[in-house]
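The values are calculated or read from the model by the stated rules, or taken from the named source; none is laboratory data. Everything numeric here is computed off the predicted structure, so don't read it as measured data. Here the Cβ positions follow ideal geometry from the backbone for every residue, glycine too, while neighbour counts run over all protein chains shown.
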Amino acid sequence: MSKSMSQADALRIARALGQGRRPHRNGHGYKTFCPLCDSESGRRKPRPTLSLTVRDGKPLIYCHRCNGDRVTILRELVRRGLLPNNFRESSMALALVDEVRVATQAVSWNGIAAITNLAVLQVLLEIAKQCCRVEFSASVRQIGERARVNASTVWKSLRRLVRAGWLIPITRARGARAATWSLRSPTKGADRAATILHARKAGDHVWPVDPCFTQGDRAGLSRSVPSFDHDLFRWRKGLGFAKGRIYSLLAVSRTASQIAKALGYKHPRNARLHLRVLMREGLLRRLDDGRYARGDANLDVLAARRGVLGAADKQRARHLVERRNWRRWSEAFERWRQTGEVVDPETGEVLEPRPTSHKGVTIRTFRQLVLSILARRIGVSEGKEVQQP
């Protein structure tokens with residue numbers, strides 16, 4: 001993964017662009033000379049017009065004179081060797097996302113486990129597309145919130161995707177850092193090392209549920225149907241991903257045969273089993289020509305009746321509490337390894353000093369140690385209360 005930038009890197013670039021001339025401070029960044037335009041003052045002296053700063057490890061660049069495209073200025077800085085060439089990595093990442101999407105279309109995702117794998121894989125594709133990295137970090141809770149499943153279900157699905165060849169684990173999760181993954185297409189694809197210019201044409205939509213594809217070739221790209229993004233189509237108390245995919249597909253009216261073909265079912269009756277449930281709930285209606293279209297039922301009302309309305313918000317709030325607790329335990333564990341002090345993560349109280357050897361020590365060992373000390377203290381306090389008259 002590429003290294004994030006710092007203000008020291010911004011100062012280095014500003015000095016290099018100045019060619020011996022001193023850059024000016026501009027807020028949290030610097031104002032230096034643009035590599036694309038030669039701005040001069042009334043006395044024919046070069047004038048700094050390029051604002052350069054770093055935010056969240058990424059460079060922010062803007063020229064106040066030429067108003068040049070930021071990407072064009074970044075490419076010029078890459079050509080001069082002032083910035084690492086991340087364009088190739090982003091092109092490779094987007095090409096890999098497209099390749100995996102195409103490969104998902106050739107697979108029949110039938111069954112509860114397979115549809116869950118597809119939902120998790122689509123979330124991973126979106127994360128890789130957003131960060132434009134071949135290797136990206138994603139936690140099970142982050143994936144579960146987007147895929148609308150529990151963290152344990154995500155972990156089982158990730159293991160299945162690794163065994164099937166869709167996913168490659170790079171680094172394991174440690175402390176507050178999430179695991180690092182890399183996508184992989186089980187089928188052999190084209191070379192991703194070449195620079196690719198992406199079109200992002202809205203005309204690439206064949207169905208309303210299609211994303212904006214990147215190549216302009218609609219025939220060769222994937223059209224995997226994602227489940228409709230609503231709490232009603234969660235597992236267990238909800239209707240499930242299979243019915244959510246059909247509801248998402250029926251943004252345009254279709255027959256049962258067309259739905260079965262789009263979802264990879266062997267026979268239209270497999271689609272009719274889900275269509276009957278959706279019609280009974282009032283989500284679909286059958287037209288006179290045999291096609292199915294969406295009905296007028298309120299998704300929130302049906303979700304409230306099934307007890308799943310707001311489940312995504314509750315899951316997000318629960319994950320926030322779990323992340324805070326895990327962060328406290330991780331900080332207490334690192335303190336124990338460095339100083340030998342056993343600290344209660346809940347109160348911050350130093351329980352007792354107990355040095356440890358750093359060989360084979362895990363946070364599970366530390367958790368057992370803290371709980372044993374607390375249990376012993378509770379037992380001692382209860383024994384004192386019993387002895388009192």
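Here are Ile143, Ile170: which of them is closer than 25 Å to Ser90 by Cβ and in contact with an Asp or Glu (Cβ under 7 Å, 6 or more places away or on another chain)? Can you show your working first?
Numbers: Ile143 fails: in contact with an Asp or Glu (Cβ under 7 Å, 6 or more places away or on another chain).
Of Ile143, Ile170, the one residue that is closer than 25 Å to Ser90 by Cβ and in contact with an Asp or Glu (Cβ under 7 Å, 6 or more places away or on another chain) is Ile170.
Would you pick out the residues in segment 280-305 that are without any contact (Cβ under 8 Å) to a residue 12 or more places away in the chain and within 13 Å of Ile246 (Cβ to Cβ)?
If the condition is that a residue be without any contact (Cβ under 8 Å) to a residue 12 or more places away in the chain and within 13 Å of Ile246 (Cβ to Cβ), then no residue fits.
Being in contact with a strand residue (DSSP E or B) (Cβ under 9 Å, 6 or more places away or on another chain) and either of a type in the set (Phe, Trp, Tyr) or in the same structural domain as Asn110 (by TED's automatic domain parsing) (or both) is the filter here; which residues of segment 243-291 pass it?
Once the filter is applied, which keeps residues that are in contact with a strand residue (DSSP E or B) (Cβ under 9 Å, 6 or more places away or on another chain) and either of a type in the set (Phe, Trp, Tyr) or in the same structural domain as Asn110 (by TED's automatic domain parsing) (or both), segment 243-291 yields only Tyr247.
Starting from residues that are in contact with a Gly (Cβ under 9 Å, 6 or more places away or on another chain) and among the small types (Gly, Ala, Ser), keep the ones in segment 243-266 and report whichever is farthest from Thr116 (Cα to Cα).
Taking segment 243-266 and keeping what is in contact with a Gly (Cβ under 9 Å, 6 or more places away or on another chain), we get 244, 255-256.
Within this subset, residues satisfying the condition of being among the small types (Gly, Ala, Ser) are 244, 256.
Numbers: Gly244: 12, Ala256: 23 Å.
Checked segment 243-266; the qualifying residue farthest from Thr116 (Cα to Cα) is Ala256.
Which one is farthest from Leu250 (Cα to Cα), of the residues in segment 292-342 that are small (Gly, Ala, Ser) and touching a strand residue (DSSP E or B) at 6+ places or on another chain (Cβ under 8 Å)? I'd like the intermediate steps shown before the answer.
Let us first name the residues in segment 292-342 that are small (Gly, Ala, Ser), namely 293, 295, 297, 303-304, 307, 310-312, 317, 330, 332, 340.
In the following step, the residues that additionally are touching a strand residue (DSSP E or B) at 6+ places or on another chain (Cβ under 8 Å) were identified as 293, 295, 332, 340.
Details: Ala293: 6, Gly295: 10, Ala332: 52, Gly340: 61 Å.
It comes out as Gly340.
Give the number of residues within segment 152-170 that are within 20 Å of Ser108 (Cβ to Cβ) and assigned to a strand (DSSP E or B).
Residues in segment 152-170 being within 20 Å of Ser108 (Cβ to Cβ) and assigned to a strand (DSSP E or B): 1 in total.
Filter segment 259-268 down to the residues that are under 32 Å from the mean Cα position of the chain (by Cα) and either exposed (fewer than 14 other Cβ atoms within 10 Å of the Cβ) or not in a loop (DSSP other than H, G, I, E, B) (or both) and list them by number. So that I can check it myself, show each step before the final result.
From segment 259-268, those under 32 Å from the mean Cα position of the chain (by Cα) are 259-265; that's our starting set.
Ile259, Ala260, Lys261, Ala262, Leu263, listed by residue number.
Say we look at segment 282-297 and pick out the residues that are loosely packed, with under 12 Cβ neighbours inside 10 Å and not hydrophobic (A, V, I, L, M, F, W, C); which of these is nearest to Val149 (Cα to Cα)? Even if it seems obvious, please write down each step before you answer.
Residues of segment 282-297 loosely packed, with under 12 Cβ neighbours inside 10 Å: 287-290, 296.
From the residues that got through so far, the ones that are not hydrophobic (A, V, I, L, M, F, W, C) too are 288-290, 296.
Values: Asp288: 37, Asp289: 37, Gly290: 34, Asp296: 27 Å.
Only one residue tops the list, namely Asp296.
From Cys34, Cys66, grab the single residue that is touching a Leu at 6+ places or on another chain (Cβ under 8 Å) and either at pLDDT 85 or above or crowded, with 19+ Cβ neighbours inside 10 Å (or both).
Details: Cys66 fails: either at pLDDT 85 or above or crowded, with 19+ Cβ neighbours inside 10 Å (or both).
Criteria check complete, one pass: Cys34.
Which residues, counting only those in segment 343-373, are part of a loop (DSSP other than H, G, I, E, B), touching a strand residue (DSSP E or B) at 6+ places or on another chain (Cβ under 8 Å) and among the acidic types (Asp, Glu)? Show your work before the answer.
First pass over segment 343-373, keeping only residues part of a loop (DSSP other than H, G, I, E, B): 344-349, 354-362.
Still in the running and touching a strand residue (DSSP E or B) at 6+ places or on another chain (Cβ under 8 Å): 344, 349, 354.
Asp344, Glu349 - these are the residues of segment 343-373 that are part of a loop (DSSP other than H, G, I, E, B), touching a strand residue (DSSP E or B) at 6+ places or on another chain (Cβ under 8 Å) and among the acidic types (Asp, Glu).
Filter segment 107-118 down to residues that are of a type outside the set (S, T, N, Q) and out of contact with any Gly (no Cβ under 9 Å at 6 or more places or on another chain) and give me whichever is modelled with the lowest pLDDT. Show your work before the answer.
Within segment 107-118, the subset of a type outside the set (S, T, N, Q) is 107, 109, 111-115, 118.
Pick out the ones that are also out of contact with any Gly (no Cβ under 9 Å at 6 or more places or on another chain) and you get 111, 113-114, 118.
Values: Gly111: 83, Ala113: 90, Ala114: 90, Leu118: 91.
It comes out as Gly111.
Among the residues in segment 112-131, are any more than 11 Å from the chain's Cα centre (by Cα) and among the charged types (D, E, K, R)?
Just the residues of segment 112-131 that are more than 11 Å from the chain's Cα centre (by Cα), to begin with: 112-119.
Cutting the leftovers down to among the charged types (D, E, K, R) gives us none.
Scanning segment 112-131, I find no residue that is more than 11 Å from the chain's Cα centre (by Cα) and among the charged types (D, E, K, R), so the answer is no.
Go through segment 68-87 and give me each residue that's in contact (Cβ under 8 Å) with a residue 24 or more places away in the chain and either touching a Ser or Thr at 6+ places or on another chain (Cβ under 6 Å) or not in a helix (DSSP H, G or I) (or both). Let's see the steps before the verdict.
Taking segment 68-87 as the starting set, the residues that turn out to be in contact (Cβ under 8 Å) with a residue 24 or more places away in the chain are 68, 72-73, 76-77, 80, 82-84, 86-87.
Those that are in contact (Cβ under 8 Å) with a residue 24 or more places away in the chain and either touching a Ser or Thr at 6+ places or on another chain (Cβ under 6 Å) or not in a helix (DSSP H, G or I) (or both): Gly68, Arg80, Leu82, Leu83, Pro84, Asn86.
Residues are listed down the side, and each one gets a yes or a no for (1) part of a loop (DSSP other than H, G, I, E, B); (2) buried (at least 19 other Cβ atoms within 10 Å of the Cβ); (3) among the acidic types (Asp, Glu):
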{"site": "Val225", "(1), (2), (3)": "yes, yes, no"}
{"site": "Gly238", "(1), (2), (3)": "yes, yes, no"}
{"site": "Ser257", "(1), (2), (3)": "no, no, no"}
{"site": "Asn270", "(1), (2), (3)": "no, no, no"}
{"site": "Val301", "(1), (2), (3)": "no, no, no"}
{"site": "Ala312", "(1), (2), (3)": "no, no, no"}
{"site": "Gln315", "(1), (2), (3)": "no, yes, no"}
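Leu52 is checked against (1) assigned to a helix (DSSP H, G or I); (2) modelled with pLDDT of 85 or more; (3) aliphatic (A, V, I, L, M) and fails just one. What number does that condition carry?
Unmet condition: (1).
Within segment 87-106, can you find the residues that are surrounded by fewer than 17 Cβ atoms within 10 Å (Cβ to Cβ) and in contact with a helix residue (DSSP H, G or I) (Cβ under 8 Å, 6 or more places away or on another chain)?
Phe87
Identify, by number, the condition in (1) part of a helix (DSSP H, G or I); (2) in contact with a strand residue (DSSP E or B) (Cβ under 9 Å, 6 or more places away or on another chain); (3) farther than 21 Å from Ser4 by Cβ that Ile127 doesn't meet.
Unmet for Ile127, out of (1) part of a helix (DSSP H, G or I); (2) in contact with a strand residue (DSSP E or B) (Cβ under 9 Å, 6 or more places away or on another chain); (3) farther than 21 Å from Ser4 by Cβ: (3).
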